[in-house]
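Contents: one structure, followed by commentary.
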Amino acid sequence: MPSLLVSAQWLHAHLGDERLRIVDCRFSLQDPLAGRQAYVAGHIPGALYLDLEQDLSGPVRPDRRGGRHPLPSPETLAQTLGQAGIGNEHFVVAYDDPPAGGMYAPRLWWLLRWLGHDEVAVLDGGIGAWREAGYEVSTSEVRHAPTAFKPNPRPEMVVDAEYVARRPAGTILIDSRAPERYRGEVEPIDPVAGHIPGAINRNWLDGLEASGRFRPAEEQRKRFEGLEGEIIAYCGSGVSAAANVLALELAGKQARLYAGSWSDWISDPSRPVARGPE
């Protein structure tokens with residue numbers, strides 16, 4: 001099976017594969033019901049739907065520690081996957097609606113890898129690429145028989161605020177948000193604007209073409225040129241940074257995820273905040 005990315009043509013050719021599980025991850029931070037509604041209106045045949053906030057995140061704490069989209073526990077996520085009919089034997093293809101909505105499928109891609117499941121890829125170009133190829137969509141809700149998913153977590157893939165605050169010298173910290181949010185000029189979601197001191201800015205959207213497809217490996221290498229050593233990626237709540245982690249892998253680089261990201265960092269007012277350019 002392929003890794004990282006699959007094309008609409010590959011997915012169409014493998015729709016009958018019993019090992020295949022397709023997951024619609026569409027979501028909108030502005031309208032949490034929009035993803036489910038889009039799924040009902042038309043999805044890739046055979047796809048089931050998993051919701052960012054209901055299925056792919058843990059509960060938000062009253063003190064906001066852990067951020068706006070905390071990681072679910074490995075056991076809870078494994079139970080969610082199993083109930084959806086996704087087991088360790090399945091190859092999962094996640095899709096969303098890029099470019100602007102192109103961070104949700106990488107979230108599932110990252111979560112499965114975090115659980116030790118490498119048999120996962122993102123549909124390059126999302127449902128837009130599927131429609132562009134002329135393939136039909138379905139309005140039939142998909143239900144698979146529940147199965148067991150046994151997690152084998154990789155804790156080394158994720159870091160917390162304490163690690164970021166005390167990260168070793170030379171560690172590269174990438175803020176994946178839009179440049180104006182990084183600089184602290186605007187903040188449409190979180191109560192504090194700015195970035196973690198010492199972070200550089202690599203907007204996750206710059207890793208995608210206008211079509212919503214990921215830029216080729218050579219272009220990804222140029223985006224991250226000169227970044228060597230340990231790399232940590234973060235964003236607002238650990239979602240869009242997963243798209244940068246995927247792009248970094250396309251470039252041949254490994255990165256860890258600060259899962260709580262900016263919304264977790266600012267939950268403790270004693271943590272420093274920087275504003276302005278790099």
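Structure values in brief
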{"read-out": "Square roots of five times the Cα gyration tensor eigenvalues for segment 4-132, Å", "value": "23, 18, 12"}
{"read-out": "Ordering of 110-120, 12-22 by burial proxy (mean other Cβ atoms within 10 Å per residue, highest first)", "value": "110-120, 12-22"}
{"read-out": "Distance in nm between pseudo-label sites at Tyr163 and Arg65 (7 Å out along the Cβ direction from Cα)", "value": "1.7"}
{"read-out": "FRET efficiency, Arg271 to Trp10 (Cβ-Cβ, R0 30 Å, nearest 0.05)", "value": "0.10"}
{"read-out": "The chain: angle of helix 74-83 to the longest principal axis, Cα-based, in degrees nearest 10", "value": "20"}
{"read-out": "Cleavage-rule hits, chymotrypsin sites (Phe, Trp or Tyr not before Pro), segment 174-232, DSSP coil, Cβ neighbours within 10 Å at most 10", "value": "none"}
{"read-out": "11 Å beta-carbon shell around Ser267, net charge (K/R +1, D/E -1)", "value": "+1"}
{"read-out": "Debye, to nearest 20: dipole size of the chain, +1 on Lys, Arg Cβ, -1 on Asp, Glu Cβ", "value": "420"}
{"read-out": "Two-decimal Rg to Rh for segment 39-87 - Kirkwood Rh, Cα set", "value": "1.07"}
{"read-out": "Using a Förster distance of 51 Å, the FRET efficiency for Val186-Asn152 (Cβ separation, nearest 0.05)", "value": "0.80"}
{"read-out": "Values of log10 I(q)/I(0), in the order q = 0.06, 0.07, 0.08, 0.17 Å⁻¹, for the chain under a Debye, Cα-only, solvent-free model", "value": "-0.17, -0.23, -0.31, -1.42"}
{"read-out": "Glu141/Thr76 FRET efficiency (R0 22 Å; Cβ-Cβ; nearest 0.05)", "value": "0.45"}
{"read-out": "Summed residue charge, Cβ within 12 Å of Leu11's Cβ, Lys/Arg positive, Asp/Glu negative", "value": "-1"}
{"read-out": "Cleavage-rule hits, trypsin sites (Lys or Arg not before Pro), segment 154-192, DSSP coil, Cβ neighbours within 10 Å at most 15", "value": "Arg166"}
{"read-out": "Residues with amide H under 5 Å from that of Gly184, placed H, sequence gap 5 or more", "value": "Gly194, Gly276"}
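Only the coordinates and a few stated rules stand behind these numbers; no lab work does. These figures come from a predicted structure and were not determined experimentally. Cβ atoms come from the backbone with ideal geometry, glycine included; neighbour counts cover every protein chain shown.
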